1. Simple spin-label model, 7 Å along Cα-to-Cβ: A:Ala18 to B:Trp65 in nm?
2. Once amide H atoms are placed 1.01 Å from N in the peptide plane, what residues at a sequence separation of 5 or more from B:Thr35, or on another chain, have their amide H within under 5 Å of its amide H?
3. Mind checking the full-extension length gain between A:Glu217 and A:Ala79? Use 0.36 nm per residue of separation minus the Cα-Cα distance, one decimal, nm.
4. If you count, for each residue, the other Cβ atoms within 10 Å and average over each peptide, how do A:254-264, A:72-82, B:194-204 line up from highest to lowest?
5. How far apart, in nanometres, would the label points at B:Ser95 and A:Leu106 be if each is projected 7 angstrom from Cα along the Cα-to-Cβ direction?
6. Shielding by partners for A:18-30, please: the mean number of other protein chain Cβ atoms within 10 Å of each residue's Cβ.
7. Which length gain, in nm to one decimal place, applies between B:Trp271 and B:Arg167 when the Cα-Cα distance is subtracted from 0.36 nm times their residue separation?
8. Quick one: how many lysine pairs in the protein assembly as shown have C-alpha atoms under 24 angstrom apart, if they're 8 or more apart or on different chains?
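Readers should treat all values here as calculations from the given coordinates under stated rules, not as data from a laboratory. Note that the structure is predicted; figures quoted are calculated from it, not measured. Glycine gets a Cβ as well: all are built from the backbone with ideal geometry, and neighbour counts include every protein chain shown.
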Amino acid sequence: MKSRPNWPAGLFALVWLAIVVGPLLYLVTVSLRTRAEYLGKSVWALPDALTPDNYVTVLTGGFGQYLLNNVIVTVATVAIVVLVTVPAAYAVVRNTSPFVQKGFTLLLMGLAIPAQATIIPVYLMITRMQLYDTLTAIILPTAAFALPVAMLVLVNSLRDVPRELYEAQAIDGAGPMRVLVSLVLPLARPAIMTVVVYTALNAWNGFLFPLVLTQSESSRVLTLGLWDFQGQFGTNVPALLAAVTLSVLPIFVVYLIGRRFLLSGLTAGFGK
Amino acid sequence: MSSQRPSAWYAVPAFTFFALFAALPMLLVIYLSFTAWDGLGTPALNGGENWSRLLDDAEARASVWRTLVLMVVSWLVQTPIALLIGVWAAGKQRSRAVLSSIFFLPLLLSTAAIALLWQALLEPNFGAFVGGPLFLGDPDIALYTVVLVISWQFIPFHTLLYQGAARAVPPSLYEAATIDGASRVSKFLHITLPQLRYTVVTSSVLMLVGSLTTFDTVLILTNGGPGTATRILPLHMYITGFSGFEMGYASAIAVVLVVLGTALSLAVMRWSGFRQMSSQQEGS
C-alpha cells in the first residue's frame, strides 16, 4: 500500500532517535577522552584528541576475571535451562498424566513470581547449602527463574507439531528418546534459539542474585564489576564508561550478527 | 502405544529444579515473614510482630506511595511513546527498518550499564547538563528522573511488542478504510488501536509489574536518596534486609510486593477482558 509520507510521525521518530542515540554517543565519546579533558571541558565541546587509555586501564583492572565469570554463569545457566526444559516440554505435549499437566500449570504460575521478593529465602538456602560467594550460587536461581518463560515458548512451539509426525515415528518403532532427538530437537530449533537468547541475556545482565549471593572479587560478575568500578575509579568517569562500553560490546556483536534471534529472544513468550 | 510416549520422568528435572529454587523460596518468604532473623543465626518465630510493625511503619507506607507514583508515571510516559513508535516502526519502508534497528539499541545494555551511563550523563558538574537542574540530587524531581531513565531503558522493549502486533493487523482493514476516505488519524484510532488492545494489556501488565519490582536502577542511581526521596518498596526491602540485617521484617515487605504484583496483574487482565486473548490468538 503506497501512501504519502507521514511527516509528523517522521519528525517524532527523529526526535526519538536523538533521545536514544544521544546518551549512547555520550557513552562512547566520553570513554575515549582523557580524564583531564573530561574534567576541564564541556562534554558538548569537541575533544582535542581521542585516547584508548581508558580501555587499557579497565582491561588491566580485573575486567578479564569479571568477563570470564559472566561467560561461565551465562553458559552454565543456558545449558541447565535447555537440558531440563526440552525433555519437559516434550513430556507436556505428549504425556497427558495429571502429574505432568498440573506441574506445568504450577510452573507457569511462576511467571508471576518477582525474583526480587525471593532474595531473602534464596540467600538463606544458598548459605545453608554452603554455596555462598560461588558462581553456582548465581547460576541456580537464575536458571530456575528462566524456566517458566522457557517452558512456555517450547511448549507453544511443540504444540504446533502435527500429531501424525509423532505417530509415524511410533509406527517405525522409535522410542521416546529417539523421537526427542530426531523429531523434537530439529522442529523446536527456532524455539530453542529463542530460549537460549532470552536465558543468556537474563544471565548476562543479571544483577540482583549476584549482588545478594556473592561477595569476593573472584566470583564477581560484570554487572557488579561495573558498579564496583564506580567506587574504584571515583571521578575517573571516562574509565568507568569505557568499562560500561566493553560490557555491552559482546551483546552488540551478537545483535549485528543475529538481530532477529536477539529480538525474538527478548520478547520471548510475550510477542509474536 | 503408551510406551512410545515420553514418561513423566522427562519432566521431573525441570519441575524439581523449579520447585527447589523458585517455588520453595516463595513459600519460605511467607514463613520468614513470621520470624526474627539477622541473616546469620537461625530464624526464630516471633508471631505477627513483623506484620504489626509493618502496619505502623511510616517509612514503608511512604515507600509504597513512591512505588505507586513511579508505576503510574512510568506507564503514562512509556505507553504513548512505545505505541506510536511501535506502529510507526511496523511500516515496511526501508528508512523505518533502519531507524528501528537503532531504536532497539538500549535493549542491549544491562540495567547496571544504563544506570551508570545516566548517572554520569546527569552528573551536575561534569555531565551533559551543567548548570541545569540537579536531577538525581533534587529531592523534588529525583523520582521523576528515575522514571526518565527507566523509560529510556524499557520503551524499546514495548516498542518491539507493538511493532510485532501492528505488523499482524490485516492490511485489508486499512484498504477498506482508505476506500472510505478515512484520514490517517482516524485509521489509527479506529483500526490500529482496537486491534492492538491485547498488546496494550500485555505491555501494561509487564510495565506495571516491572516498575513495582524496579530495584537495581534505583540502587545504583540514588540508593534511595537524596534522603529517602527515591526509596521505593523493593529498595526498602533490600536495605532493611541486607543493610539493617532485619531479614524477617524484610520478608514481610517482600510478601507485600508479591501480593501487590499478583493483584495488579489480575486486576489489569480482568478489567481489560484479557481472558478472551487466547481464543483471539488462536483465531489469527
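1. It is 3.7 nm.
2. B:Asn46
3. Numbers: separation 138, 0.36 × 138 = 49.68 nm, distance 2.46 nm.
So the extension gain works out to 47.2 nm.
4. Numbers: A:254-264: 15.5, A:72-82: 20.5, B:194-204: 18.7.
Listed from highest to lowest mean packing, they are A:72-82, B:194-204, A:254-264.
5. Here the modelled spin labels are 5.6 nm apart.
6. On the way: counts 0, 7, 10, 4, 3, 12, 6, 0, 6, 8, 0, 0, 6.
Partner Cβ neighbours, averaged per residue: 5.
7. On the way: separation 104, 0.36 × 104 = 37.44 nm, distance 2.57 nm.
Stretched out fully, the B:Trp271 to B:Arg167 stretch lengthens by 34.9 nm.
8. Working: A:Lys2/B:Lys92; A:Lys2/B:Lys187; A:Lys272/B:Lys92; A:Lys272/B:Lys187; B:Lys92/B:Lys187.
Number of lysine pairs found: 5.
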